[in-house]
Amino acid sequence: MRDAQEATDAARRSVEAVWRIESSRIVAALARYTNDFALAEDVAQEALAEALVAWPRDGQPRDPLAWLLSVGRRRAIDTYRRRNSQDGAYAVIAGDTGADDLPDSDPDLLWDPDRIEDDQLALIFTACHPVLSKEARVALTLRVVSGLTSDQIARAFLIPLPTLQARITRAKKTLAASRVDFALPPVEDRGERLGSVLNVLYLIFTEGSTGSTGAEWIRADLAREAIRLARMLMQLVPGEPEAHGLLALMELTAARFPARTGANGEPVLLADQDRGRWDRSAIRRGRAALASATSTGRGLGPYGLQAAIAECHATASSVDETDWERICVLYEALGRIAPSPIVELNRAVAVSMAYGAERALPMVDELAATDALSGSYLVPSVRGELLARLGRNDEAQHEFRLAANRCGNEKERGVLEQKAAALD
């Protein structure tokens, strides 16, 4: 009995792994063939549900991706049949292929390797269509393209989960009602959607570099996917400095991944990292992308400025040798063109390193007095660090415990709890 249960659990984990890696490609391919964004996600989810039942029972198919695509395609055909449009939509999707007899191992009609990247970019640009609000564009694309759960996206936006779910549902209905085509927009129309696309990729990478929930501190697969899509986007809009700036930020941040976790996956903070383990190739790529962003002559935008900050860290031999004064200036510039509580909090950290904790603490206290980051662990975490450096250990311990209670990531929560315990 135990062996059977272990086999079932292993098969389910296999399904989840395939879905986590390939979900955006599956949805993108189905969207191209149905030209219906919402339907594509629905039938992809149905294929996932069927796999969770069939694979533990029958074993994993030889080509799991093709299996999911074929099942999703059949579900799309069934949906159009139920809509009494067999002569039209069913013929468009199925053609003369004999779709009912399509073998699970034959993905040719769905899976065109030469169109995969275009499909995924089209998926992102469709989700970022101007008929949607900015918030809806970002939320929908994160949900469909990255495979993040609604809970993870809600945490990234610092909004309640029901609000996020309602936003995604409305976005799908709006795309369907507006009859938005699944396709890359013409060149002249790409600019108006580019900002949302960049924001989506940034948030995907952020979730990958520091998981907001769960047991993983870094989700490298998610971060790599964001980098891959950013490279594709940069090739699509080579003259856009922010596309280069975003890629630079990702590469320079990902360069530190090898040193950011210990032997057991526990977080290693910047001051304790072995900089010899940083990925020098990623640093070179990031600096080259930042140079390309600068060379356009249009000035650095928010992503370019963040990349410049990351470059300061990447080129320093230690925390003490870091050019913190330059980082303060860069954060000040970032706060002017893209003001946010997170930028101000990071600026306070830089000020504490350049000029001392006593100068930075009032900045953090001012943020704590507002509702801008209420419920977030970030403010009490930073405040705890500053108070500890000032020798106010009881207050610092309280802040670390408050931050730990609010933190959704198990690994990071453990670090905060250790800091609190060290002050006993």
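List the helices (runs of 4 or more DSSP H) that sit entirely inside the range 378-424 and contain at least 3 residues that are closer than 20 Å to Tyr355 by Cβ and either acidic (Asp, Glu) or touching a Ser or Thr at 6+ places or on another chain (Cβ under 9 Å) (or both). Spell out the reasoning first.
On the way: elements: 378-389, 393-406, 410-422.
Passing ranges, in order: 378-389.
Restricting the range 289-304 to residues that are hydrophobic (A, V, I, L, M, F, W, C) and in contact (Cβ under 8 Å) with a residue 40 or more places away in the chain, which is surrounded by the fewest Cβ atoms within 10 Å (Cβ to Cβ)? Lay out the reasoning, then the answer.
Taking the range 289-304 and keeping what is hydrophobic (A, V, I, L, M, F, W, C), we get 289-291, 293, 300.
Okay, now just the ones that are also in contact (Cβ under 8 Å) with a residue 40 or more places away in the chain, so 289-290, 293, 300.
Details: Ala289: 25, Leu290: 25, Ala293: 28, Leu300: 23.
Filtering the range 289-304 for residues that are hydrophobic (A, V, I, L, M, F, W, C) and in contact (Cβ under 8 Å) with a residue 40 or more places away in the chain, the one surrounded by the fewest Cβ atoms within 10 Å (Cβ to Cβ) comes out as Leu300.
Which of the helices (runs of 4 or more DSSP H) found entirely inside the range 136-221 contain at least 3 residues meeting this: of a type outside the set (D, E, K, R) and exposed (fewer than 15 other Cβ atoms within 10 Å of the Cβ)?
Helices (runs of 4 or more DSSP H) meeting the threshold: 161-177.
In the range 236-253, what count of residues is obtained for those that are in contact with a Ser or Thr (Cβ under 7 Å, 6 or more places away or on another chain) and over 20 Å from Val187 (Cα atoms)?
Selection size over the range 236-253: 1.
Does Gly276 meet the test of being under 21 Å from Ile309 (Cβ atoms), modelled with pLDDT of 85 or more, more than 11 Å from the chain's Cα centre (by Cα) and not in a loop (DSSP other than H, G, I, E, B)?
So Gly276 fails the test.
Results for (1) of a type in the set (A, V, I, L, M); (2) in contact with an Asp or Glu (Cβ under 9 Å, 6 or more places away or on another chain); (3) closer than 25 Å to Ala403 by Cα; (4) in a helix (DSSP H, G or I), shown as yes or no for each residue.
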| residue | (1), (2), (3), (4) |
| --- | --- |
| Ser317 | no, no, no, no |
| Glu321 | no, no, no, no |
| Val329 | yes, no, no, yes |
| Val349 | yes, yes, yes, yes |
| Glu366 | no, yes, yes, yes |
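Pull up the range 240-285, narrow it to residues that are out of contact with any strand residue (DSSP E or B) (no Cβ under 7 Å at 6 or more places or on another chain) and among the polar types (S, T, N, Q), then point me to the one that is surrounded by the most Cβ atoms within 10 Å (Cβ to Cβ).
Thr253
The values are calculated or read from the model by the stated rules, or taken from the named source; none is laboratory data. Just so you know, these numbers come straight off a predicted model, no measurement behind them. No Cβ is skipped: glycine too gets one built from the backbone with ideal geometry, and neighbour counts run over all protein chains shown.
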